[in-house]
Amino acid sequence: MVLCAVRRQLLSSSSTCGAWARFLQRQGRMFVYSSIHGFNQEEIQEKLQAFPGGSIDLLTQESGLAVLTINYPSRMNAFSGSMMVDLEERVSQLEGWTDGKGLIVQGASGTFCSGSDLNAVRAISNPQDGMKMCMFMQNTLTRLLRLPLISVALVEGRALGGGAELSTACDFRLMASGSVIQFVHKHMGLVPGWGGAARLVRIVGSQNALKLLGGAVKVDPELALQIGLADDILQEEGTGTPLQRAENWLSIYTKGPAPVIQAVKKVVLSGRELLLSEALRTEKDVFGTVWGGPANLQALASKSKHR
Ligand SMILES: CCCC(=O)SCCNC(=O)CCNC(=O)[C@H](O)C(C)(C)COP(=O)(O)OP(=O)(O)OC[C@H]1O[C@@H](n2cnc3c(N)ncnc32)[C@H](O)[C@@H]1OP(=O)(O)O
């Protein structure tokens, strides 16, 4: 016990950050793109701000659960340029949220997101700007997925194009009855560019990904559940609002102290993203942050049985 306490003292909160920093270092870097790839964040942010409309709203709760809302109902929650910038800012906020455990990503007014705002897309349809927007959104959505929070996309209504891609930047997808996820990119003469294809392959496998992208298939909750794109279906007859039911669903995974929940996410993330030997080293580092920690000591003291 004394050893555990000493070890805990040594592994202060800075060490928790250290393990995470080392994980991100092993990734190469936190951002997929930086100046070495010719990426200039300020430049693209300025360009995107020229296409305003809607907002990305973040509500953090004392319970450790946050709700991120894609809010542009008059355009079926399509992403305007300023909303892309907003999203990056909200992700930065969440990266600094030490007490966080879970995140729900939802769309306003009963529908998820209809992708990028076609008006903005038309205006920046030249290849250079398209690449910059693509790098910006890949960076942001990669950081969203790498947050040390367990995240779920609450899909109501439609998740189209970039909206479908956004849903894959969460750990889980919960689909409401009647909702649809559709990678409509092929119909737009495109492929996903916000990292949605790379993530989709990891979620449903390359065969299913090829079918979904190649056929621009409308994926309903039943099909999504069958192929592993959705983790559950929110039935209409449940009690409470869809958001309340999603919070309830997520609470199974976020019950417990924040450092432990964050450690769970970190070991799974490193297992998902790193080579085995690297993932094992990260797991060791993260293990060190909870071993002998308050939750561990309390569990040992209470002689808990797992019947
Ligand atoms: C790398 C990213 C790639 C991409 O995301 S490309 C974009 C992919 N998304 C799309 O192509 C969606 C296009 N929209 C649609 O198919 C339909 O609007 C949709 C979402 C099925 C809804 O259909 P309906 O229910 O009939 O409603 P509606 O068409 O009257 O839409 C209501 C208002 O919302 C607007 N809207 C919907 N999706 C939009 C978008 N992505 N960009 C800009 N505006 C969009 C639509 O124009 C309409 O506006 P208004 O009432 O005519 O002023």
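Filter Lys211/Lys255; Lys265/Lys303; Lys255/Lys303; Lys132/Lys211; Lys47/Lys266 down to the pairs with a C-alpha to C-alpha distance above 31 Å, please. Walk me through the numbers before you get to the answer.
Working: Lys211/Lys255 36 Å; Lys265/Lys303 25 Å; Lys255/Lys303 19 Å; Lys132/Lys211 28 Å; Lys47/Lys266 34 Å.
Beyond 31 Å between Cα atoms: Lys211/Lys255; Lys47/Lys266.
Taken over the C-alpha atoms, segment 34-253 has Rg and Dmax values of 16.4, 52 angstrom. Computed from the C-beta positions of Glu222 and Glu62, the FRET efficiency with R₀ = 45 Å rounds to 0.80. Modelled this way, with points 7 Å down the Cα-to-C-beta line, the labels at Leu190 and His37 are 1.7 nm from one another. Residue-wise HN-Hα couplings along segment 39-52, as the Karplus relation 6.51 cos²θ - 1.76 cosθ + 1.60 with θ = phi - 60° gives them from phi, are 9, 10, 4, 4, 4, 6, 4, 5, 5, 5, 4, 6, 10, x Hz; Gly and Pro carry x.
Legend: ranking of residues Val85, Val32 from fewest to most surrounding C-beta atoms inside 10 Å; resulting order Val32, Val85. Between Lys255 and Leu275, what FRET efficiency comes out of the Förster formula 1/(1 + (r/R0)^6) with R0 = 30 Å and r the beta carbon distance, rounded to 0.05? Computed FRET efficiency for Leu275 and Lys255: 0.40.
Relative contact order for segment 34-253: 16 percent, from Cα pairs under 8 Å spaced at least 6 residues apart, divided by residue count.
In debye, nearest 20: dipole of the chain around its Cα centre with unit charges on the Cβ of K, R (+) and D, E (-)?
With only Lys, Arg, Asp and Glu charged at Cβ, the dipole is about 1100 debye.
Only beta bridges with both residues in segment 34-253 are counted; by DSSP, about 25 percent of them are antiparallel. When Val152, Val217 are sorted by how many other C-beta atoms sit within 10 angstrom of their C-beta, beginning with the fewest, the order is Val217, Val152. For the peptides 70-78, 55-63, 143-151, the ranking by mean Cβ contacts within 10 Å, running from highest to lowest, is 143-151, 70-78, 55-63.
Our estimate of slack between Asn248 and Met30, defined as 0.36 nm per intervening residue step minus the Cα-Cα distance, is 75.4 nm.
Extension gain for Asp232 to Asn126 (0.36 nm times residue separation, less C-alpha to C-alpha distance): 34.2 nm.
What order, most packed first, do the peptides 232-240, 173-181 have when packing is the mean number of other Cβ atoms within 10 Å of each residue?
Numbers: 232-240: 12.0, 173-181: 22.3.
Ranking the peptides 232-240, 173-181 by packing returns 173-181, 232-240.
Calculate the FRET efficiency for Ser92 and His306 from the Cβ-Cβ distance with a Förster distance of 51 Å, rounded to the nearest 0.05.
Details: r = 38 Å, r/R0 = 0.75.
Efficiency for this residue pair is about 0.85.
All of the numbers you see were taken from the coordinates with simple rules; none came from a lab. Fair warning: this is a prediction, and the values are worked out from it, not measured in the lab. Here the Cβ is made from the backbone with ideal geometry for all residues, glycine too, and neighbour counts use every protein chain on show.
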